[in-house]
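Asker: Once you've had a glance at the structure underneath, I'll fire off some questions.
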Amino acid sequence: MKKLIVAASCVLALVAGSVQAKDWKEIRIAFDVPYEPFEYKTPDGELTGFEVELAEAMCEELNAECEFVIQAWDGMIPGLLARKFDAIMSSMSITPERAERVLFSEPYYNTPGGWFARNDFSADVTDMSQMEGLTVGVQRGTTMDTYVTNEMSGVVTVKRYTTADDMVLDLEGQRLDVVFVDYPVGEQTILSKEGFKEVGEPVKLGEGVGVAMRQRDRDLAGKINAALRKLKNDGTYDAIMNKYFTYDIKM
């Protein structure tokens, strides 16, 4: 059974942070919503998506009652360290910088970053002379943000967003020239609309995506790694993946 908790407004989530079962039969898992197709709400308000369904299967394998917490991306690691939840399962790429603050599970998927723009966009995203003066949208604190900041600072204007949905709205409203986002997100939220296209080649970033936990919770990490391996081996992972993707994202 799962409970949906909005982290920004739910005082109970803060209270629950002080109590934790040593056997990990109760686990609070954070998601940044919307981030389609990984985590989003259906029109009737149901939380779903690839990572949500994978988390449900993982919790069933662990025989654990899981509470699903909605948390804005830029508060993910601070919220984890403040014990608002026990794990982040929200497309968090494994990077050396993040690994200094959190403990990652083994990677459970890997997708590249993709460039998306309106059909009239003609610049080569790898040519800084063509990109000069353009405005690039990224989601704040992601590996895509880091990449654009490191590779294009001083050339483009980088506009950062809390949610991917807000970024897409600004692309539609012509307040952005191009966006750099997790490829499946762009595929589902941008290419599904008329008048938009993929530009350039996908860019592989990081070492894959993992579940993030507090550094001291190595027992939880061991349980999660074992559960994810089991789901990959018994076909459950593939069944969930095939609902959301037409290509293999498994590590």
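Asker: Can you tell me which residue is nearest to ARG160 (Cα to Cα) among those in segment 64-96 that are small (Gly, Ala, Ser) and open to solvent by less than 10 Å² (accessible area, probe 1.4 Å)?
Answerer: SER90
Asker: Of all residues being closer than 16 Å to THR142 by Cα and of a type in the set (S, T, N, Q) in segment 104-113, which is surrounded by the most Cβ atoms within 10 Å (Cβ to Cβ)? Just the residue, please.
Answerer: Residue satisfying both the conditions and the ranking: THR111.
Asker: Separate question: Hey, among the residues in segment 74-92 that are in a helix (DSSP H, G or I) and modelled with pLDDT of 95 or more, which one's nearest to the chain's Cα centre (by Cα)?
Answerer: Within segment 74-92, the match that is nearest to the chain's Cα centre (by Cα) is MET76.
Asker: Taking the residues in segment 146-177 that are touching a residue at least 24 places away in the same chain (Cβ under 8 Å) and charged (D, E, K, R) as candidates, determine which candidate is farthest from MET131 (Cα to Cα).
Answerer: The residue in question is ASP165.
Asker: Which residues, taken from segment 138-175, are among the hydroxyl-bearing types (Ser, Thr, Tyr) and surrounded by fewer than 16 Cβ atoms within 10 Å (Cβ to Cβ)?
Answerer: Selection gives THR149, SER153, THR157, THR162.
So that you can scan it fast, the table gives a plain yes or no per residue for (1) modelled with pLDDT under 95; (2) among the small types (Gly, Ala, Ser); (3) touching a helix residue (DSSP H, G or I) at 6+ places or on another chain (Cβ under 9 Å):
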residue	(1), (2), (3)
PRO112	yes, no, yes
ASN119	no, no, no
ALA123	no, yes, yes
ASP127	no, no, no
GLY137	no, yes, yes
GLY141	yes, yes, yes
GLU151	no, no, yes
VAL199	no, no, no
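Asker: When you go through (1) over 29 Å from GLU187 (Cα atoms); (2) outside any helix (DSSP H, G or I); (3) open to solvent by 40 Å² or more (accessible area, probe 1.4 Å); (4) at pLDDT 95 or above one by one for LYS22, which number turns out not to apply?
Answerer: (4)
Asker: In segment 207-251, which residues are at negative phi, open to solvent by less than 50 Å² (accessible area, probe 1.4 Å) and part of a loop (DSSP other than H, G, I, E, B)?
Answerer: Result: GLY210, VAL211, ARG214, ASP217, PHE245, ILE249.
Asker: Anything in segment 177-189 that is surrounded by fewer than 23 Cβ atoms within 10 Å (Cβ to Cβ) and under 13 Å from VAL158 (Cβ atoms)? List them, or say none.
Answerer: Scanning segment 177-189 gives ASP177, VAL178.
Asker: Separate question: Would you mind finding the one in GLU61, GLU53 that is acidic (Asp, Glu), on the phi < 0 side of the Ramachandran plot, open to solvent by less than 60 Å² (accessible area, probe 1.4 Å) and at pLDDT 95 or above?
Answerer: On inspection, the qualifying residue turns out to be GLU53.
Asker: Does PHE116 meet the test of being buried (at least 23 other Cβ atoms within 10 Å of the Cβ), part of a loop (DSSP other than H, G, I, E, B) and under 20 Å from the mean Cα position of the chain (by Cα)?
Answerer: For PHE116, the condition - buried (at least 23 other Cβ atoms within 10 Å of the Cβ), part of a loop (DSSP other than H, G, I, E, B) and under 20 Å from the mean Cα position of the chain (by Cα) - is not met.
The values are calculated or read from the model by the stated rules, or taken from the named source; none is laboratory data. Since this is a predicted model, take the numbers as computed values, not measurements. Methodologically, a virtual Cβ is constructed for each residue, glycine included, from the backbone with ideal geometry; neighbour enumeration extends over all protein chains shown. What goes into the accessible areas is simple: the full protein's heavy atoms, side chains included, and nothing from ligands, DNA or RNA. Shrake-Rupley method; radii C 1.70, N 1.55, O 1.52, S 1.80 Å.
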